[in-house]
Amino acid sequence: MASTDTKGEPFSIRFSAATDRAVAAEARRTKRSKSAVVEALAEEAMRTRLFPGLGFRGDDAARRPWVIGTGLDVWELCQLLEEAGSDEALLEDFDLTERHLHLARAYRGRYPEEIDEAIAENRRPVEEWRELYPFVRTV
């Protein structure tokens, strides 16, 4: 989720002792530097401020945005939007609001590569999944 842009100018920051301990513990747990932990947390916080109504979930390396109140990740809702044909069909068939649809579209507009990559991953053919994970049984 972290940006691939070039790095900004370095600056110094001092946390309270409790925050420093929490960041250090997270760095140890995730086997990352304290700087990487703080950068990831800051990026996620900025995105939740830009898109009120979105949260993030998942493992450290695979954090993903979801639309709060729906149970759906943003990419899942965007895929549904593509496949439904109309907003009305989605609103009728699922427990969604227009705000949910707007949030998903707005996030995809800002981070299209992230969402498109997740949708493409989900659309892999079954044969490709079997090749990648031969030990998993598919129906």
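The values are calculated or read from the model by the stated rules, or taken from the named source; none is laboratory data. Remember, predicted model here, so these are calculated numbers, not experimental data. Because the Cβ atoms are built from the backbone with ideal geometry, glycine has one as well, and the counts that use them run over all protein chains shown. All accessible areas refer to the heavy atoms of the entire protein, side chains included, with ligands and DNA or RNA removed. Shrake-Rupley method; radii C 1.70, N 1.55, O 1.52, S 1.80 Å.
Average accessible surface for the stretch 51-139: 66 Å² per residue, computed with a 1.4 Å probe over protein heavy atoms with every protein chain in place. Taking all Cα pairs closer than 8 Å and separated by 6 or more residues, the relative contact order of the chain comes to 16 percent. Mean projected area of the Cα convex hull of the chain, taken over all directions, amounts to 11.6 nm². Scanning the chain for trypsin sites (Lys or Arg not before Pro) in DSSP loops with at most 13 other Cβ atoms within 10 Å, what's the longest stretch left with none? Result, exposed sites excluded: 32-122.
Per-atom-type breakdown for the stretch 71-137 gives carbon and sulfur 50% of the accessible area (1.4 Å probe, protein chains only). Based on the Stokes-Einstein relation at 20 °C and a viscosity of 1.002 mPa s, and on the Kirkwood radius from alpha carbon pairs, the stretch 48-129 is assigned a translational diffusion coefficient of 162 µm²/s.
Relative to the first principal axis of the alpha-carbon coordinates of the chain, what is the inclination of helix 34-50, with its axis defined by its Cα atoms, in degrees from 0 to 90 and to the nearest 10? The answer is roughly 50 degrees.
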